[in-house]
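Colleague: To start, I am sharing the structure in question, which I have written as structure tokens.
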Amino acid sequence: MSVIIQKQYQSMQIPAKYSASSVESKWYNYWLENNYFHSIPDHREPYTIVIPPPNVTGVLHMGHMLNNTIQDVLIRRARLQGKNACWVPGTDHASIATEAKVVAKLKADGIDKADLTREEFLKHAWAWTHDHGGIILEQLKKLGASCDWDRTKFTLDDDLSESVTKVFIDLYEKNLIYRGYRMVNWDPEAKTTLSDEEVIYEEIQGKLYYIKYQIEGTNDALTIATTRPETILGDTAICINPNDERFFHLKGKKAIVPIAGRVIPIIEDDYVDVEFGTGCLKVTPAHDPNDKTLGEKHNLEIIDIFNDNATLNSFGLHYNGKDRFVVRKEIVEELESLGHIQKIEPYLHKVGTSERTNAVIEPKISAQWFLKMKDLAKPALDNVMNNNIQFHPAKFKNSYRYWMENVRDWNISRQLWWGHQIPAYFYSEGVEDFVVAMSKEEALEKARQKTKNLELTLDDLTQDPDALDTWFSSWLWPISVFNGINEPNNNEINYYYPTNDLVTAPEIMFFWVARMIIAGYEYRGELPFKNVYYTGIVRDKLGRKMSKSLGNSPDPIKLMDEYGADGVRVGMLMCSPAGNDLPFDESLCGQGKAFANKIWNAFRLVKGWEVDASIPQPIASQVAIDWFDAKFKQTFSEIEDHFSKYRLNDALMAIYKLIWDDFCSWLLEMIKPAYQQPIDSKTFKSVIELFENNLKILHPFMPFLTEEIWQYIAKRTPEEALIIAKYPKVETFNEKLISDFEMVKEVVSGIRNIRKEKNISFKDQIEFSVLNNENLASVYDSVIMKLGNISKLETVSDSVDGALSFRVNSNEYFIPISGAIDIEEEIKKIMEELKYTEGFLKSVQSKLSNERFVNNAPAQVIENERNKEADALAKIETLKSSLASMQ
């Protein structure tokens, strides 16, 4: 392929238009075939990124596009810098999401998961994964992602699974993992527990139901207030505050649960807030974490009224089998008919919902596995707060610190089959009658040792059916992808770890980032990455988060088809500062495409010039080349500073302005030969070198376009491809030259403005005089003469009469009035403009003389007004000077 491309580029004419569709696939295949993305340990400095593994069955969305574009920019830049760049790709098995999709497919095929064995279900799950998995990785290739595809990992790969099991056993043996009955967050749709971080609390407008309970042996009643009337069937006590005088008469008595008719005790506890509700609290230990605590304290009965799918069970009496929300409506009607409803009020409160399924979470007591987090979290907290690990932007350190200082034990078990099965083997029905082991055979040996029962067999062991939380595998990702758990001292983990940069979203800071840091210190004794770049959320023009349900998320593949991958990459990064949301507008991709076309046309212009080695280099060209070389070095220094602060959007904007404004609009205009005339070889060689430098710094952002132009510039071997070219280094630059040239540009702009205002054709040469108070070097005269089409430029010691004039700093410039200009009409225009400007100045000075305005207005507003005053004064002086020269 590489030989074919080289021959093709020797013989082909440069196309008139840049065709992203044909270019992108060609160069991506070329890069793959030449193994540029692949990394093995060697003598070079490593630069490592591990991809945040997307769900194996996921497809590319705008968030992925932003995240992976940033990663590719960083990895391509490192590769150009000569580092051994290694970007490890992969996917996550995503227990809840994938199992839900497999269950839905089975249901569509008329198969119920409950009718399958675990092994049968997993066959279907693997088939689904093989059919639908990995699509997103192929889509990333279209974006230009230069991952080391030979290293692609999946969190259920054998070696990664072995790592997960080893870590579970290790933490259990350190007494950090334990099993116990706890109140957990139950997702009734996914039918599994969730960690606290996977629950999203939403404020909703609900109702507060006041329900009367008869006091046993009397006709009196007490009233409780609840948002969940369906749970009264699980009540096992009423609680009052022992200091609440209103209810002293209830002490030692019992109440009767409406509908159920069950008699329950009235207990006392100062937990009850006398100001909330009625002062009487219904206690339902099975369905509220606070009630569970009360139940344990007072040794109350626990009645679980819900099935796993949140329908009521037999304890729900005649509501058995009905959904909890259906029951809520029906039980209120029954309570009203029985006279137990005192009143119903609107009530604003927070409800927990599942991050994955959006189902309302049900508190549920269940036997689960937990990881103790408090001690593990300490080094992970300390090393972020002391900046050993840097967050970009740093504002996220506050959220991180709050979570880590208040970290709770991690519920690591899930009631799912798809995932890493918990390596715990039960030999009896007791809560503690289990061992943890790498295999069933090893478990048997451990069980025999623990029980002293040598008669135990493999048939006596039952492995815990639950799977581990998906995050329990991905928290090991930076270590396990290099097999650092199974072989802690292997060559790769010692070379590539710790990784350099992590690019991720702040919403998974606690799910993933914090836990990876914890794992890094626990299993490697050091940080897993040096920097964390937090991307923002991609939003639409109205500020809404992009989602399928809103229909406001464009198809990334279609965007790349229309604007090219480079155009989309530039469009997204232009408005994407770290940590801030990206207000995406498709027109930004159009701007990226226009930038690509601008560069392509500039290249065609340069390559279209005939080169003559016998022509001496014009002074204007020499000055122009020197200036752009200095300007490039200055801008490159700024770009590197932006990269060091992870301000990629600022780096891109600096490159954009350098190429569009300084290179295309100024440099090429200054060196461009006259129509149908050749260019000197010295200038041509220099401009090609400068063009190549532009391509090097742009390549991380626009890899396809830059490689295409690079290969057209000259015949290149695979060892000379742009993707592995030598990146520039920060150098000193001529600041005076850059400063002087800013003045030159203003002079040229002044000439062009007068030509435009006075309808003086650019084809017509004009004379030009300067009152050079600034002592601007005469070496720039040639540039001014070329760009202004000046026939004669002279320095004068006084103002020139009968001439149009303008000022740049303290220099005054004059253009003699030709016969084509109506002097009287020109004087009239100047006087009108002078009158308007003087009026404008008066209004500004009026503001600035207003003591109230100056004392109360923001400093920036006052500064703006003073700048307006200075500009107006300078303009008035210039207008008066022009007027004087005409009279």
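The values are calculated or read from the model by the stated rules, or taken from the named source; none is laboratory data. Bear in mind that the values here come from a model prediction, so they are computed numbers and not experimental data. When we count neighbours, we look across all protein chains shown, and the Cβ atoms used for this are built from the backbone with ideal geometry, even at glycine. Only protein heavy atoms, including side chains, enter the accessible area calculation; ligands, DNA and RNA are left aside. Shrake-Rupley method; radii C 1.70, N 1.55, O 1.52, S 1.80 Å.
Colleague: Kindly evaluate Glu99 against the criterion of being surrounded by fewer than 18 Cβ atoms within 10 Å (Cβ to Cβ) and among the acidic types (Asp, Glu).
Modeller: No, not satisfied.
Colleague: Please indicate, with yes or no, whether at least one residue in segment 459-472 is farther than 23 Å from Glu197 by Cβ, out of contact with any strand residue (DSSP E or B) (no Cβ under 7 Å at 6 or more places or on another chain), free of Cβ contacts under 8 Å to residues at least 40 places away in the same chain and among the acidic types (Asp, Glu).
Modeller: Yes, segment 459-472 has at least one match.
Colleague: Another one. If Glu275 satisfies all but one of (1) without any contact (Cβ under 8 Å) to a residue 24 or more places away in the chain; (2) touching a Pro at 6+ places or on another chain (Cβ under 6 Å), what's the number of the condition it fails?
Modeller: With (1) without any contact (Cβ under 8 Å) to a residue 24 or more places away in the chain; (2) touching a Pro at 6+ places or on another chain (Cβ under 6 Å) applied to Glu275, the lone miss is (2).
Colleague: Count, please, the residues in segment 764-792 that happen to be free of Cβ contacts under 8 Å to residues at least 60 places away in the same chain, surrounded by fewer than 17 Cβ atoms within 10 Å (Cβ to Cβ) and within 24 Å of Lys672 (Cα to Cα). Please lay out each step first, then the result.
Modeller: Initial filter on segment 764-792 (free of Cβ contacts under 8 Å to residues at least 60 places away in the same chain): 764-778, 781, 784, 788-792.
Checking the rest, the ones that are also surrounded by fewer than 17 Cβ atoms within 10 Å (Cβ to Cβ) come to 764-765, 767, 772-775, 777-778, 791-792.
Still in the running and within 24 Å of Lys672 (Cα to Cα): 764-765, 767, 777-778, 791-792.
Looking only at that region, the number is 7.
Colleague: Quick one: how many residues across segment 316-329 are closer than 12 Å to Ile259 by Cβ and surrounded by 15 or more Cβ atoms within 10 Å (Cβ to Cβ)?
Modeller: At the first step, the residues of segment 316-329 found to be closer than 12 Å to Ile259 by Cβ are 316-319, 327.
From what's left, surrounded by 15 or more Cβ atoms within 10 Å (Cβ to Cβ): 316, 319, 327.
Count: 3.
Colleague: Sort out which residues of segment 735-791 are of a type in the set (Asp, Glu) and within 17 Å of Phe814 (Cα to Cα), and write them in order of number.
Modeller: Across segment 735-791, the qualifying residues are Glu746, Glu757, Asp764, Glu767, Glu774, Asp781.
Colleague: How about segment 557-670: which helices (runs of 4 or more DSSP H) wholly inside it have at least 3 residues that are open to solvent by 30 Å² or more (accessible area, probe 1.4 Å) and under 30 Å from Glu138 (Cβ atoms)? Spell out the reasoning first.
Modeller: Details: elements: 586-607, 619-644, 648-657.
The helices (runs of 4 or more DSSP H) meeting that bar are 586-607.
Colleague: Which residue pairs have Cβ atoms closer than 6 Å, lie 6 or more positions apart in sequence or on different chains, and pair a first residue in segment 209-229 that is within 12 Å of Ile341 (Cβ to Cβ) and of a type in the set (Lys, Arg) with a second residue that is in a loop (DSSP other than H, G, I, E, B) and open to solvent by less than 70 Å² (accessible area, probe 1.4 Å)?
Modeller: Every condition considered, the pairs that remain are Lys212/His340.
Colleague: Further, regarding this structure: Going through segment 540-556 one residue at a time, which ones are open to solvent by 60 Å² or more (accessible area, probe 1.4 Å) and of a type outside the set (A, V, I, L, M, F, W, C)? Break it down stepwise before answering.
Modeller: First pass over segment 540-556, keeping only residues open to solvent by 60 Å² or more (accessible area, probe 1.4 Å): 541-542, 544-545, 548-551, 555.
Within segment 540-556, Lys541, Arg544, Lys545, Lys548, Ser549, Gly551, Asp555 meet the criteria.
Colleague: Filter segment 74-96 down to the residues that are in a helix (DSSP H, G or I) and in contact with a Lys or Arg (Cβ under 8 Å, 6 or more places away or on another chain), then identify the one that is surrounded by the most Cβ atoms within 10 Å (Cβ to Cβ).
Modeller: Quick first cut of segment 74-96, residues in a helix (DSSP H, G or I) only: 74-80, 95-96.
From the residues that got through so far, the ones that are in contact with a Lys or Arg (Cβ under 8 Å, 6 or more places away or on another chain) too are 80, 95-96.
Numbers: Leu80: 20, Ser95: 28, Ile96: 26.
Per the stated criteria, the residue is Ser95.
Colleague: Any residue in segment 347-359 that's hydrophobic (A, V, I, L, M, F, W, C): show its pairings with residues that are part of a loop (DSSP other than H, G, I, E, B) at Cβ separation under 9 Å, as long as the two are six or more apart or on different chains.
Modeller: Val351/Thr227; Val351/Ile361; Ala359/Pro188; Ala359/Glu189; Ala359/Ala190; Ala359/Ala310
Colleague: Six or more apart or on different chains, Cβ atoms under 6 Å: show the pairs whose first residue is in segment 126-140 and within 24 Å of Ser25 (Cα to Cα) and whose second is open to solvent by less than 20 Å² (accessible area, probe 1.4 Å) and at pLDDT below 90.
Modeller: Within 6 Å, the pairs are His132/Thr57; Gly133/Val56; Gly133/Thr57; Ile136/Gly58; Ile136/Leu60; Gln139/Leu60.
Colleague: In segment 413-434, which residue that is at pLDDT 95 or above and aliphatic (A, V, I, L, M) is nearest to Ile517 (Cα to Cα)?
Modeller: Looking at residues that are at pLDDT 95 or above and aliphatic (A, V, I, L, M), I get Ile422.
Colleague: Which number in (1) polar (S, T, N, Q); (2) free of Cβ contacts under 8 Å to residues at least 24 places away in the same chain; (3) in a helix (DSSP H, G or I) marks the one condition that Asn489 misses?
Modeller: In the conditions (1) polar (S, T, N, Q); (2) free of Cβ contacts under 8 Å to residues at least 24 places away in the same chain; (3) in a helix (DSSP H, G or I), Asn489 misses (3) alone.
Colleague: Moving on. Tally the residues that are of a type outside the set (Ser, Thr, Tyr), farther than 30 Å from Ile169 by Cβ, in contact with a strand residue (DSSP E or B) (Cβ under 8 Å, 6 or more places away or on another chain) and open to solvent by 10 Å² or more (accessible area, probe 1.4 Å), restricting the search to segment 353-390. Break it down stepwise before answering.
Modeller: Restricting attention to segment 353-390, the residues satisfying the condition of being of a type outside the set (Ser, Thr, Tyr) are 355-356, 358-365, 367-390.
In the following step, the residues that additionally are farther than 30 Å from Ile169 by Cβ were identified as 358-363, 385-387, 390.
Restricting the remaining residues to those that are in contact with a strand residue (DSSP E or B) (Cβ under 8 Å, 6 or more places away or on another chain) gives 359-363, 390.
Now drop any that are not open to solvent by 10 Å² or more (accessible area, probe 1.4 Å), which leaves 359-361, 363, 390.
Residues meeting the conditions: 5.
Colleague: Examine segment 195-203 for a residue that is closer than 22 Å to Asn483 by Cα and either open to solvent by less than 20 Å² (accessible area, probe 1.4 Å) or not in a helix (DSSP H, G or I) (or both), and state whether such a residue exists.
Modeller: Here is the first cut: in segment 195-203, the residues closer than 22 Å to Asn483 by Cα are none.
Checked against the condition, which is being closer than 22 Å to Asn483 by Cα and either open to solvent by less than 20 Å² (accessible area, probe 1.4 Å) or not in a helix (DSSP H, G or I) (or both), segment 195-203 yields no hits at all.
Colleague: Now for a separate question. For Glu757, which of the numbered conditions (1) touching a residue at least 24 places away in the same chain (Cβ under 8 Å); (2) open to solvent by 30 Å² or more (accessible area, probe 1.4 Å); (3) within 21 Å of Lys875 (Cβ to Cβ) fails to hold?
Modeller: (1)
Colleague: Check segment 343-351 and report whether any residue there is in contact with an Asp or Glu (Cβ under 7 Å, 6 or more places away or on another chain), open to solvent by less than 30 Å² (accessible area, probe 1.4 Å) and within 20 Å of Lys207 (Cβ to Cβ).
Modeller: yes
Colleague: Out of all the residues in segment 27-59, which are in a loop (DSSP other than H, G, I, E, B), closer than 16 Å to Glu138 by Cα and open to solvent by 50 Å² or more (accessible area, probe 1.4 Å)? Reasoning before the result, please.
Modeller: From segment 27-59, those in a loop (DSSP other than H, G, I, E, B) are 34-45, 51-54, 56-59; that's our starting set.
With the extra rule that they be closer than 16 Å to Glu138 by Cα, the set shrinks to 37, 51-54, 56-59.
Hit for segment 27-59 is Val59, nothing else.
Colleague: Here's a follow-up. Take segment 289-299 and flag every residue that is surrounded by 16 or more Cβ atoms within 10 Å (Cβ to Cβ), touching a strand residue (DSSP E or B) at 6+ places or on another chain (Cβ under 6 Å) and within 14 Å of Thr231 (Cβ to Cβ).
Modeller: Keep residues of segment 289-299 that are surrounded by 16 or more Cβ atoms within 10 Å (Cβ to Cβ), which gives 291-292, 294-295, 298.
Next cut, touching a strand residue (DSSP E or B) at 6+ places or on another chain (Cβ under 6 Å) only: 291-292, 294, 298.
Residues satisfying the conditions are Asp291, Lys292.
Colleague: If you go through segment 232-243 one residue at a time, how many are open to solvent by 10 Å² or more (accessible area, probe 1.4 Å) and either in a helix (DSSP H, G or I) or not polar (S, T, N, Q) (or both)?
Modeller: Count: 1.
Colleague: Pairs needed: first member in segment 583-603, farther than 15 Å from Leu559 by Cβ; second member anywhere, open to solvent by 40 Å² or more (accessible area, probe 1.4 Å) and outside any helix (DSSP H, G or I); C-beta distance under 6 Å; at least 6 residues apart or different chains.
Modeller: Pro583/Arg539
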